[in-house]
Structures are given as structure tokens and as C-alpha cells.
Amino acid sequence: MILALAILVLAFLLNLLLPWWSIAIPGLIFGYVFNKKGRASFGWGFLALFLLWGGQAFYIHIANDGVLSSRIAEMLNAGSPFAVILVTAVVGGLVSGLAALTGSLANSSPRLSSRGK
């Protein structure tokens, strides 16, 4: 749970200043530092950004009375503005989950951990 919270907070802060792909940086760093098993790292990283981007997309949907998400859904033939919100959340979750998994696997790699021996 702490892994997801750390990823969520740092990803939110980085997302204010950097491009969208900066959400992978906290997943990579905290996946390496916390060194959970592969599935746990992916799951917590996915959950953190699924909630963050899903929440932000839903907030934007509510704030502008659904105009933006409806237009994007129409442009992409998604059918529903909530499908756009769900896809946004899943894409963010996948990016962060895979980054956290990569960090975790990099820390558990025998070649990298035996460097100083």
C-alpha cells in the first residue's frame, strides 16, 4: 500500500511539470527501492496510476459537464465518455505497473546485485 501511495504522490507532482510519460519514473524508482515480488510491484504500480489518472479524468469530466470527454468519445467512436475515462485510467495504470515491475526486476537481477563483489 505504501508503494502505491508513494508512486501516486510523486507521479502527481511530476505530472504537473513534465510530460505524460514522467509517470513511469516513480514506478521505476519505487519498484526498485521497495523490491516487492513482480506481481505485487505491477499491481501496486497499476493501482496507483489507475486511481490517479482515472480520478483526474473523472474530475475533468465533472468540471466541464462532460463536454471534453463526450467530444473525445465521439472522435474515437468510443460510445461513452466513461469509456474514455476508463481507457485513460488503464493506460496510466499499465505504464506505471510495467515501470514498477521493471524496477523490481532490475533490483532482483543477479547480474546487477553482484556488481560490487
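The values are calculated or read from the model by the stated rules, or taken from the named source; none is laboratory data. Given the structure is predicted, the values throughout are model-derived calculations rather than measurements. For neighbour counting, all protein chains shown are included, and Cβ atoms are generated from backbone atoms with ideal geometry for every residue, glycine included.
Okay, here's what the table says:
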| item | result |
| --- | --- |
| Some residue of region 3-11 being surrounded by 15 or more Cβ atoms within 10 Å (Cβ to Cβ) and touching a Gly at 6+ places or on another chain (Cβ under 7 Å) | yes |
| Pairs where the first residue, in region 74-96, is without any contact (Cβ under 8 Å) to a residue 24 or more places away in the chain and of a type in the set (Val, Ile, Thr) and the second is assigned to a loop (DSSP other than H, G, I, E, B) and surrounded by 15 or more Cβ atoms within 10 Å (Cβ to Cβ), C-beta under 9 Å, 6+ apart | Val87/Ala78 |
| Any hit, region 31-39, residues being free of Cβ contacts under 8 Å to residues at least 60 places away in the same chain and polar (S, T, N, Q) | no |
| Those residues of region 44-97 which are among the polar types (S, T, N, Q) and either touching a strand residue (DSSP E or B) at 6+ places or on another chain (Cβ under 6 Å) or buried (at least 19 other Cβ atoms within 10 Å of the Cβ) (or both), in sequence order | Ser69, Thr88, Ser96 |
| Candidates Ser22, Ser41, filtered to the one that is modelled with pLDDT of 90 or more, hydroxyl-bearing (Ser, Thr, Tyr) and surrounded by 17 or more Cβ atoms within 10 Å (Cβ to Cβ) | Ser41 |
